[in-house]
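I have placed the structure first, in the form of structure tokens, so that the comments after it can refer back to it.
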Amino acid sequence: MSFVTRRKNQSEAAAEVRILSKIQKTVAAQPGAISVARGMSHFGEHALGWVAVAGVGAALDSTRRRQWAGVAVGAVGSHAASIVIKRVVRRPRPNDPSVQINVSTPSKLSFPSSHATSTTAAAILLGRLTGLPLPAVLVPPMLLSRLVLGVHYPTDVLAGTALGALSAAAVRKFEGDS
């Protein structure tokens, strides 16, 4: 890596730390914000909350059981893809005195956010299934929660969103949707 590239990467990381610090000083400082973010974190851990939602949907809506299963497959598949990418990229989680870590994590790797990935995939697939604007309602709060908790950089959650959208598109293609 050249000096110029290294310097640019350090500058970008510093900008992301400033964004995290600002979010923690504003959003995370609101009463209950960290508790809500932790609850969202637990729901999204390993995509298990989305699998539970899909399971309930499949149990209650037998005529669209395959689509409900697709929600679970999309959430779990996107989560698995994010884990593979994390192990290849190996970007460490934020570690700066100005960023408070507000939840434990199963690994020290940050890029991409698995919570953002599985939430995006599940929200797109659930939105298609229900006709509700779920990506717009579900994805931004999950992305923000990862920043409030201090466990991801902004580019981690944005990359996770892109990966989740690609995963949902793959499920839709497999199911025969356009």
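See the values below:
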quantity: Exclusive hit being surrounded by fewer than 20 Cβ atoms within 10 Å (Cβ to Cβ), without any contact (Cβ under 8 Å) to a residue 40 or more places away in the chain and of a type in the set (Ser, Thr, Tyr), set Ser107, Ser98; calculated: Ser107
quantity: Given (1) closer than 18 Å to Gln24 by Cβ; (2) of a type in the set (A, V, I, L, M); (3) under 10 Å from the mean Cα position of the chain (by Cα), number of the condition Val139 does not satisfy; calculated: (1)
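Let's see how each residue does on (1) β-branched (Val, Ile, Thr); (2) open to solvent by less than 30 Å² (accessible area, probe 1.4 Å):
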position: Ala13; (1), (2): no, no
position: Arg38; (1), (2): no, no
position: Ser41; (1), (2): no, yes
position: Leu48; (1), (2): no, no
position: Val56; (1), (2): yes, no
position: Arg65; (1), (2): no, no
position: Gly77; (1), (2): no, no
position: Ala80; (1), (2): no, no
position: Lys86; (1), (2): no, yes
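Every residue, every condition in (1) modelled with pLDDT of 95 or more; (2) more than 12 Å from the chain's Cα centre (by Cα), yes or no:
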residue: Ala72; (1), (2): yes, yes
residue: Ala75; (1), (2): yes, no
residue: Val84; (1), (2): yes, yes
residue: Asn102; (1), (2): no, yes
residue: Thr105; (1), (2): no, yes
residue: Thr120; (1), (2): yes, no
residue: Gly160; (1), (2): yes, no
residue: Ala165; (1), (2): yes, no
residue: Lys173; (1), (2): no, yes
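The values are calculated or read from the model by the stated rules, or taken from the named source; none is laboratory data. Note that the coordinates shown come from a computational prediction; the quantities given were computed from them, not determined experimentally. Please note: Cβ atoms are built from the backbone with ideal geometry, for glycine as well, and neighbour counts cover all protein chains shown. Accessible surface areas use protein heavy atoms only, side chains included; no ligands, DNA or RNA. Shrake-Rupley method; radii C 1.70, N 1.55, O 1.52, S 1.80 Å.
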